[in-house]
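Reviewing the structure listed below.
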2 protein chains.
Amino acid sequence: MKKLIRVFIVDDHPMVIEGMLSMLQQQPSIEVAGYAMNAASCLGFFIRSTADVVLMDINLPDKSGTDLCKELKQRFPQMKILGISNLNQGSYIREMMNQGASGYVLKNVSKSELLDAVQRVHKGQQYLSLEVSQAMRLETQRQESLPLLTKREKEVLKLIVEGLTNPAIAEKLFVSLSTIESHRKSLLAKFQLKNTAALVRVALENKLV
Amino acid sequence: MKKLIRVFIVDDHPMVIEGMLSMLQQQPSIEVAGYAMNAASCLGFFIRSTADVVLMDINLPDKSGTDLCKELKQRFPQMKILGISNLNQGSYIREMMNQGASGYVLKNVSKSELLDAVQRVHKGQQYLSLEVSQAMRLETQRQESLPLLTKREKEVLKLIVEGLTNPAIAEKLFVSLSTIESHRKSLLAKFQLKNTAALVRVALENKLV
DNA sequence: TGGTACCTCCCCTGAACAGGGGATTTTTAA
DNA sequence: TTAAAAATCCCCTGTTCAGGGGAGGTACCA
């Protein structure tokens with residue numbers, strides 16, 4: 001008999017746990033090792049037991065999924081982690097992958113896709129659902145289309161967005177007004193914008209602050 | 001024998017459908033009439049069949065939950081609708097309730113709470129989970145703490161946020177520069193702010209545009 | 001060791017904004 | 001129908017911003 005894939009689930013939504021259990025238990029090659037609704041009880045489980053694949057929500061009540069992912073990977077490098085979340089945001093996904101996750105699916109995943117994903121990551125492959133990889137490409141494009149700001153420029157931009165005037169910013173950063181005006185000039189030039197209002201909007205929309 | 005509560009589920013996430021089915025089927029007083037993954041097939045179901053309570057996600061692929069809610073309520077005024085979503089945003093919830101929903105729970109709802117909610121709305125009561133009613137109160141407070149803007153002020157604010165200068169706005173609205181400056185003055189006064197940057201930030205944060 | 005990017009600062013000019021005052025007409029609501 | 005609110009416009013003053021130029025010092029990299 002073939003060895004079963006032991007799957008552990010970490011998610012704080014009872015509904016999602018139930019749904020995943022129901023989906024996974026129908027698959028003969030998969031065995032659900034257990035589940036946890038927060039990071040603490042997940043870590044507790046792994047003191048005495050183990051699993052092949054962990055299905056992990058990014059949004060946990062007590063710890064971020066990325067942190068938990070990192071911790072588990074350090075202790076069990078061979079264990080595979082499959083991120084699960086509603087958020088189709090490239091930045092989160094990338095962060096998760098950087099912390100050692102083997103794949104990422106959205107919560108609107110179908111049963112067959114979920115089973116496929118579990119099996120693939122168990123085999124050591126990487127699995128990103130179509131929408132997820134698209135989102136990552138989009139994110140990359142968006143990042144690349146944005147100008148590169150220097151550290152100082154980011155600081156100044158942040159303070160501008162907070163509503164400080166140039167003189168106030170100058171005072172706060174212990175430099176002269178002229179310096180701030182220079183930075184503001186290069187910010188406007190880099191974004192190809194013509195006034196503060198547009199600058200604030202672009203900064204907020206792209207979460208640069 | 002007591003009559004069963006017929007429940008119909010509308011959600012585009014297979015995982016959530018599975019989870020809800022599993023939770024509801026364990027309860028002897030509830031009968032799951034069926035489920036749909038989009039508004040169209042939901043409406044299709046209700047051509048030939050009926051239900052007592054509809055569990056409805058707000059985010060559907062083909063139609064907004066609020067619209068579907070309105071439609072169902074028009075055709076079946078006695079049918080109870082229980083909104084379900086991840087979004088704990090007062091504005092959505094309020095909109096849903098205005099369209100005739102009897103209650104609203106979040107997707108992190110526990111099994112017992114879900115069952116309780118279904119039974120309560122079936123009895124004609126209103127059910128809002130604690131977090132939801134808190135969010136609604138917060139929303140109300142937030143709205144009330146914001147100054148009331150006139151129609152014209154909102155127009156001007158919108159254009160400011162878009163990055164237009166006063167002269168450009170004046171041209172666009174066919175009024176003189178002085179008028180726009182007046183509006184801008186009252187905007188800054190109402191928000192108790194001192195410059196454009198802060199104005200844009202507050203406007204965006206409060207989704208006033 | 002020279003180039004390049006960054007940070008700093010200054011000059012200048014003109015445009016835009018901030019804030020005070022007041023005034024008129026139109027709309028709205030009591 | 002009348003008072004309040006909104007929208008329009010103007011005056012004034014001073015500040016801030018936008019955009020052009022240049023320039024010195026540092027830090028890093030090839």
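Bear in mind these aren't lab numbers, they're just calculated from the coordinates by the rules spelled out. Since this is a predicted model, take the numbers as computed values, not measurements. A quick note on method: Cβ atoms are made from the backbone with ideal geometry, for glycine too, and the neighbour counts reach across all protein chains shown.
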Next item on the list: Sort A:12-18, B:180-186 for me by packing, meaning the mean count of neighbouring Cβ atoms within 10 Å per residue, highest on top.
Entry: A:12-18, B:180-186
Item checked: Protection-proxy order for peptides A:102-109, B:133-140, each taking the mean of Cβ atoms within 10 Å per residue, highest first -> A:102-109, B:133-140
Item checked: Cα gyration tensor shape for segment A:108-209, rounded if a/c is under 1.5, else prolate or oblate -> prolate
Checklist line | Number of partner chain Cβ atoms within 10 Å, mean per residue of B:155-165 | finding: 3
Next item on the list: Using only Cα atoms, find the angle between the long axis of helix B:177-191 and the longest principal axis of chain B, and express it within 0 to 90 degrees, rounded to the nearest 10.
Entry: 50
Item checked: Antiparallel content of DSSP bridges confined to the protein assembly as shown, in %, to 5 -> 5
Notebook entry, point to check: Separation of segment A:119-159 and segment B:42-121 by C-alpha centroid, Å?
Noted result: 35
Next item on the list: Please average, across the residues of B:189-197, the number of beta carbons from any other chain that are within 10 Å of each residue's own beta carbon, and give a whole number.
Entry: 4
Checklist line | 17 Å cut-off, amide nitrogen to a point 7 angstrom out along residue B:25 Cα→Cβ, residues in segment A:89-126 | finding: A:111-112
Notebook entry, point to check: Amide H to amide H under 5 Å from residue A:9: which residues, 5+ apart in sequence or cross-chain, H placed 1.01 Å off N in plane?
Noted result: A:34, A:35, A:36, A:55
Next item on the list: Could you check the simple spin-label distance between residue B:146 and residue B:94, using points 7 Å along Cα→Cβ, in nm with one decimal?
Entry: 0.9
Notebook entry, point to check: What share of Cα pairs, in percent, lie more than 28 angstrom apart in chain B?
Noted result: 43
Check: Nearest 10 degrees, 0 to 90: what angle lies between the long axis of helix A:151-161 and the longest principal axis of chain A (Cα atoms)?
Finding: 80
Note to self: Please compute the average number of Cβ atoms from other chains found within 10 Å of each residue's Cβ in peptide A:9-17.
What the structure shows: 6
Notebook entry, point to check: Rounded to the nearest 5, what % of the DSSP beta bridges within segment A:25-173 are antiparallel ones?
Noted result: 10
Next item on the list: With r as the distance between the Cβ atoms of residue A:12 and residue B:137 and R0 = 22 Å, compute the FRET efficiency 1/(1 + (r/R0)^6) and round to 0.05.
Entry: 0.40
Next item on the list: Specify the angular offset, from 0 to 90 degrees and rounded to the nearest 10, of the alpha carbon long axis of helix A:39-48 from the longest principal axis of the alpha carbons in chain A.
Entry: 40
Checklist line | Three-way shape call for the protein assembly as shown based on the alpha-carbon gyration tensor, with the a/c threshold at 1.5 | finding: oblate
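Between their Cα atoms, which of A:158/A:194; A:70/A:107; A:190/B:185; A:107/A:154; A:190/B:154 are more than 26 Å away from each other?
A:190/B:185; A:107/A:154; A:190/B:154, as the Cα separations exceed 26 Å there.
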Next item on the list: Answer with one residue from B:197, B:127, B:25: the one whose Cα lies farthest towards the positive end of the charge dipole of the protein assembly as shown, charges on Cβ with Lys, Arg +1 and Asp, Glu -1.
Entry: B:197
